[in-house]
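One structure is given below, encoded as structure tokens.
The values are calculated or read from the model by the stated rules, or taken from the named source; none is laboratory data. Please read all numbers here as calculations on a predicted model, not as lab measurements. Note that we place each Cβ from the backbone using ideal geometry, even for glycine, and neighbour counts take in every protein chain shown.
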DNA sequence: AAGTGGTCTAGACCACATT
DNA sequence: ATGTGGTCTAGACCACTTC
């Protein structure tokens, strides 16, 4: 484990344990260097992680301070900000899909733009409803280039596509760009998700990237309004 | 301007100009060090900024590559990820508020938790509807500790609260923690925002922090569904 | 004036991918 | 075996806050 991660974890624990309390100044970088037997750059990197998690504040000229977070906010922050497929989001629940469509098609223009592939490429055209503990939760429309994700089968669609990509193809998912918006459910969405017509839904449009830099997924997810939230920390620098 | 910002900007421009194209490998860190006459740490920091913006990918052992982004995604990314008040989000538009309430109250329990202040503290209780170009756009319920933000006046509520905090109080806003969810508009919200009853709304709950580390704002914003989106980049490391 | 965090360096060694 | 990016150091100088 890297030294800056160890230092960062240690300080995070001290904050969560209450050893460093709200608004308290924590030791200077110089002293932390001595305490952890590390160089200034390393300590700084450790502290910067905590800044981007939203736990501490640094002020040049005066020092580093624990943010005055409510217990509530601390809880949310510790649920780290990783992104995962639906399956691993609900590790204790039964997750499966009703497959509405699974075919290979010429890529629609919008998807070609998002995936940045040639307009005569072929993609999987996947349409499914995800059930969590037998309750319909999300309707997903997914396009994936067949070149990048070979041999996708209906059983993967029913289970975890991300699992197939990671464990069977041994590809690494690197990042995702996501946009969230809100609208009324269509009649079809309402029916499939067990809602009333016109009920609100959250729409998450996402482009996922492999660590090769290629976009492997353009998806649009329709979430029931009672089962959706997104959280993030915004920083000014 | 810091050297790593200059380098970062230069490379970002080369990507946006098309000088470095999608999936192309960009020069090695070693060569960039020579080209920019900078040390490895500095070049690395510059590249890491671009990674977190989602423009490039780094792979240990092989090199650094331009992400295969659609033009569309590039546009969204260049609209950088800063957070601002409504006023500066719409610099060319006329922004003002209808004030529904502006009073000083004992802090409600929920707000006391979020702001992490004593339960016998006093806060401004602000309720307003923001109009952009004469169209109602957001309804905001805001609590701010009176100790932190003294002398707030109704004219600030009608205009820009953030402007007052920054320009008149000379306080620095450091970060914000935001959660987004979705629900149906109440009848009152529908009326004030000019929607039908039960129309979808996006609800953004936000706790804002000063660079002193204190929470200065707990707000809940109700956004019309036709005028809301949130964007972010998720990274696996 | 003294002390903080921010940036930068020149070079070392390591983990990993490719050849 | 070579070469990539990742981590870490020891120390320098700078920008800013506080006294």
Margin query: Condition check: surrounded by 22 or more Cβ atoms within 10 Å (Cβ to Cβ) and either touching a residue at least 24 places away in the same chain (Cβ under 8 Å) or closer than 28 Å to residue B:72 by Cα (or both). Does residue A:204 satisfy that?
Written below: no
Next item on the list: State yes or no: is residue A:183 surrounded by fewer than 21 Cβ atoms within 10 Å (Cβ to Cβ) and at pLDDT 90 or above?
Entry: yes
Notebook entry, point to check: Going by the structure shown, is residue B:14 more than 9 Å from chain A (Cβ to nearest Cβ), part of a helix (DSSP H, G or I) and closer than 30 Å to residue A:109 by Cβ?
Noted result: yes
Margin query: Yes or no: segment B:189-205 includes at least one residue that is closer than 18 Å to residue A:53 by Cα and at the interface with chain A (Cβ under 7 Å from one of its Cβ atoms).
Written below: no
Checklist line | Candidate set from segment A:27-42 (those that are part of a helix (DSSP H, G or I) and away from chain B (no Cβ under 14 Å)); member that is nearest to DNA strand C (Cβ to nearest atom) | finding: A:29
Next item on the list: Kindly indicate whether residue A:60 is farther than 30 Å from residue A:155 by Cβ, within 11 Å of another protein chain (Cβ to nearest Cβ), modelled with pLDDT under 95 and within 13 Å of DNA strand D (Cβ to nearest atom).
Entry: yes
Next item on the list: Tell me, yes or no, whether segment B:170-177 has at least one residue that is surrounded by fewer than 19 Cβ atoms within 10 Å (Cβ to Cβ), more than 10 Å from every other protein chain (Cβ to nearest Cβ) and assigned to a strand (DSSP E or B).
Entry: no
Next item on the list: Working only within segment B:63-80, note down all residues that are within 9 Å of chain A (Cβ to nearest Cβ) and either at pLDDT 90 or above or within 15 Å of DNA strand D (Cβ to nearest atom) (or both).
Entry: B:65, B:66, B:67
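Yes/no matrix, rows are residues, columns are (1) more than 24 Å from residue A:72 (Cβ to Cβ); (2) not in a strand (DSSP E or B):
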| site | (1), (2) |
| --- | --- |
| B:111 | no, yes |
| B:114 | no, yes |
| B:125 | no, no |
| B:129 | yes, no |
| B:136 | yes, no |
| B:149 | no, yes |
| B:192 | yes, yes |
| B:217 | no, no |
| B:220 | no, no |
Item checked: Subset of segment A:48-57 that is surrounded by 21 or more Cβ atoms within 10 Å (Cβ to Cβ) and under 23 Å from the mean Cα position of the chain (by Cα) - its residue that is farthest from DNA strand D (Cβ to nearest atom) -> A:54
Margin query: Can you say whether residue A:213 is under 19 Å from the mean Cα position of the chain (by Cα), more than 8 Å from chain B (Cβ to nearest Cβ) and farther than 19 Å from residue A:100 by Cβ, as far as the supplied structure shows?
Written below: no
Next item on the list: Return a yes/no flag: does segment B:44-64 have any residue that is over 19 Å from residue B:235 (Cβ atoms) and in contact (Cβ under 8 Å) with a residue 12 or more places away in the chain.
Entry: no
Checklist line | segment B:1-22, subset without any contact (Cβ under 8 Å) to a residue 12 or more places away in the chain and within 13 Å of DNA strand D (Cβ to nearest atom), residue surrounded by the fewest Cβ atoms within 10 Å (Cβ to Cβ) | finding: B:1
Check: Residues of segment B:90-103 being surrounded by fewer than 14 Cβ atoms within 10 Å (Cβ to Cβ) and modelled with pLDDT under 90, which ones?
Finding: B:91, B:92, B:94
Margin query: Cβ-Cβ under 8 Å, sequence separation 6+ or interchain: first residue in segment A:23-42 and over 24 Å from residue B:45 (Cβ atoms), partner within 10 Å of DNA strand D (Cβ to nearest atom). Which pairs?
Written below: A:25/A:63
